[in-house]
1. Do you know which of the residues in segment 164-197 that are among the polar types (S, T, N, Q) and modelled with pLDDT of 75 or more is farthest from residue 285 (Cα to Cα)?
2. Report, by residue number, each residue of segment 286-300 that is in a strand (DSSP E or B) and polar (S, T, N, Q).
3. Hey, could you check segment 220-254 for residues that are within 15 Å of the chain's Cα centre (by Cα) and touching a residue at least 60 places away in the same chain (Cβ under 8 Å) and say which is surrounded by the fewest Cβ atoms within 10 Å (Cβ to Cβ)?
4. Identify the residue in segment 129-163 that is surrounded by fewer than 19 Cβ atoms within 10 Å (Cβ to Cβ) and among the hydroxyl-bearing types (Ser, Thr, Tyr) and, among all such residues, is modelled with the highest pLDDT.
5. List every residue pair whose Cβ atoms lie under 8 Å apart, where the two residues are 6 or more positions apart in sequence or sit on different chains, the first residue falls within segment 300-311 and is assigned by TED's automatic domain parsing to the domain that holds residue 211, and the second residue, located anywhere, is among the charged types (D, E, K, R) and part of a strand (DSSP E or B).
6. Can you name the residue in segment 91-128 that is small (Gly, Ala, Ser) and at negative phi and is also surrounded by the most Cβ atoms within 10 Å (Cβ to Cβ) among such residues?
7. Can you give me the ranges of the strands (runs of 3 or more DSSP E) entirely in segment 115-167 with at least 3 residues that are under 28 Å from residue 221 (Cβ atoms) and of a type outside the set (Val, Ile, Thr)?
8. Determine, yes or no, whether residue 49 is surrounded by fewer than 17 Cβ atoms within 10 Å (Cβ to Cβ), of a type outside the set (Gly, Ala, Ser) and at pLDDT below 65.
Amino acid sequence: MRHDGAKGRTSAWRQDGFALVLALLALLVLAGIASAAVAASVGQVRAATMAGKVLAARSGARGGLDILFQQRRGAPRTQTGGASMVLDSGTFGHHGAWRVRELRLASEFHLFIAEGEVGGSVPMREVRVAWWMDPVARTRSHSAVVEAASLQMGVGSDVRTDSIFSTRAGNEGCDELAASAGVVAAPHPTAYATLPSPPVWGSATDAGFADLRLGWFSEQMLAELADHALSGGALPQPQCNGCWRGLVHSRGDLLVTGREAGILAVRGTLRLEAGASWTGLVLASGDVALEQGATIVGLVRAGGSVVLGDGSLIDGSACAAYDALRRATTLARPIPLPGRSWAGPVPPVAR
């Protein structure tokens, strides 16, 4: 009997030991699962943190582009085919930094490359294509002194082309135009040509350009950027003869009565009364009419007819048009191409 009891106690000890081993194994398994869960959680946190930094970096890059387009003024300083240039930089959030570089693709088309970085993470890029007006390119887009649906000449009126590159009173020199195409392509510049095709003039598939445009400045943008925004009627008399007006936009038929200069953009019909003059660039969606003795010195582009009254004159001057464009400071800014300016996808910046 004692032998059977000892045998039973040994069997119980073995069972208890086996259960303890199983319990220890279970604890080890649970510990492993917990450790894996912790590691997974840490990995998820790291991934989420990294994803957050990536999103923040992209957002910072886009914000940098927004700031640049809102604030950048003046003419571009890069050359076509040349190296890129850092235009602006700044910070965002607690540890974010951005910078924007500009690369000139063509005379008026530029690539803006923004880089955003948060806390030493991999910098992210956002790229946008923009148009930046170049006075030389805008001037040479004219193939004639007058571009319009038709040209009507009165007795003794004239469209002169013999001094198209001569500097006029109040204008600076225009040596940059000497080797350009467009109005200077032929030995004898053309007095009249029909209207150019989009995107130089007209809308094609580009909304907002049907009535009036200057490059990629739509009629609405010209109105917003104008030094003088009018609703038709007579242009108020200037303070002086030949005063510089900058960019004048009229949403409605306009009458010019004095002697003035600048860029004149009219949605409607433009009329210069007898003895009035305008020096610079004239754009109109409708007709342009010069009464007896009126004068335009520069270049004209009109969606309707250009009608010269008896004794009136259009003195073709690429220099005057160029000078008007060069001095229009409100237009010296980059603008994103409408509807198709984002370039991508763009890989992260390599370290």
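1. 166
2. Scanning segment 286-300 gives a single hit, 295.
3. 221
4. Looking at residues that are surrounded by fewer than 19 Cβ atoms within 10 Å (Cβ to Cβ) and among the hydroxyl-bearing types (Ser, Thr, Tyr), I get 150.
5. Hits for this filter: 300/147; 301/147; 302/147; 308/158.
6. 116
7. In segment 115-167, the matching strands (runs of 3 or more DSSP E) lie at 124-132.
8. Here the answer is yes, as residue 49 does meet what is asked.
The values are calculated or read from the model by the stated rules, or taken from the named source; none is laboratory data. Keep in mind the model is a prediction, meaning the values are calculated, not measured. In this analysis, Cβ positions are derived from the backbone assuming ideal geometry, glycine residues included, and neighbour counts consider all displayed protein chains.
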